[in-house]
Amino acid sequence: PDLVLGRGVGFDTLAARLAVICEEAGSDTLAKALQKTAATPTELAEAAATSIGATSAEGVMVIEGLHTALGRQGDFFRKSRLELLLQVLLTTASNLRLVFSSLDQPTLYREGASQHLRRLPLEGIKGRFLYEIFEAYKAPEFPRDRMGPISDKIGGHPMAAKVYAIDVRDRPEGIALTED
């Protein structure tokens with residue numbers, strides 16, 4: 001990711017990073033707004049919307065940890081500086097693609113606010129596909145009912161499944177790994 005939201009990383013870091021990207025792409029509105037000492041959070045959020053809307057950048061910025069800025073219901077209830085900025089970024093269309101990774105889906109209450117969002121839930125691959133991975137790497141036969149605990153252990157991650165299958169195949173006590 002280009003930025004990870006969390007402890008010590010919030011509005012200032014995200015706004016500064018966006019200002020630099022937008023300035024390089026031809027829009028200095030946000031950079032000028034950040035230099036003002038009396039700019040309100042609402043003005044800064046509006047400047048961010050104007051700035052990313054006017055950019056000619058066609059890049060991608062990946063921001064991880066959106067869930068750390070969401071409230072208990074996954075909304076932006078507190079209206080902090082970071083929440084105002086994120087709400088604007090989530091609801092404004094721009095050439096700059098912003099990819100947010102989050103453990104929770106953000107809730108936007110205004111009708112049509114999420115029309116620019118594309119939500120892709122990501123999860124691990126299922127047990128039957130894991131079994132096919134094990135077959136592809138020529139792991140020895142073992143009961144299919146062990147695939148569920150293996151899937152839980154590795155979180156359905158395909159690379160972890162590959163390594164696990166190779167370990168089951170290559171180790172002398174490989175079948176014992178499936179029982180653990």
Accessible area per residue in Å² at 1.4 Å probe, computed on the chain:
62
For Val4, list long-range residues whose amide hydrogen, built 1.01 Å from N in the peptide plane, is under 5 Å from its own amide hydrogen.
Glu64
Percent of all Cα-Cα pairs per 10 Å bin for the range 86-172, counting from 0 up to the last occupied bin, reads 15, 34, 15, 20, 14, 3
For Glu43 and Lys79 in the same chain, what is the full-extension length gain: residue separation times 0.36 nm, less their Cα-Cα distance, in nm?
11.6 nm
Read-out P(r) over Cα pairs in 5 Å bins from 0, in percent, derived from the coordinates shown; its label in [x] 1, 9, 16, 20, 21, 16, 11, 5, 1, 0; [y] 1, 6, 10, 11, 11, 10, 9, 8, 7, 6, 5, 4, 3, 3, 2, 1, 1, 0, 0; [z] 1, 8, 14, 15, 13, 9, 7, 8, 8, 7, 5, 3, 1, 0:
[z]
Calculated FRET efficiency, Ser56 and Val4, Cβ-Cβ r, R0 25 Å, to nearest 0.05?
0.40
Which sequence of Ser80, Ser51 reflects their accessible areas, 1.4 Å probe, from the largest down?
Ser80, Ser51
By DSSP, what percent of the beta bridges with both residues in the chain are antiparallel, rounded to the nearest 5?
10
So, with a 1.4 angstrom probe, what is the percent of accessible area on the chain that is carbon and sulfur?
51
Considering only protein heavy atoms, with the full assembly of protein chains and a 1.4 angstrom probe, order Met61, Met159 by accessible area, largest first.
Met159, Met61
Pull up all non-local amide H partners of Val99: gap of 5 or more, or a different chain, and H-to-H distance under 5 Å with H placed in the peptide plane.
Met61, Val62, Ile63
Say a paramagnetic label sat at a point 7 Å from the Cα of Ile166, along Cα to Cβ; which residues of the range 117-137 have their backbone N under 12 Å from it?
137
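The values are calculated or read from the model by the stated rules, or taken from the named source; none is laboratory data. Values in this document were obtained by computation on a predicted structure and should not be read as measured data. As a convention, Cβ positions derive from the backbone with ideal geometry for all residues, glycine included, and neighbour counts pool all protein chains shown. In case anyone asks, the SASA skips ligands and DNA or RNA and just uses the protein heavy atoms, side chains included. Shrake-Rupley method; radii C 1.70, N 1.55, O 1.52, S 1.80 Å.
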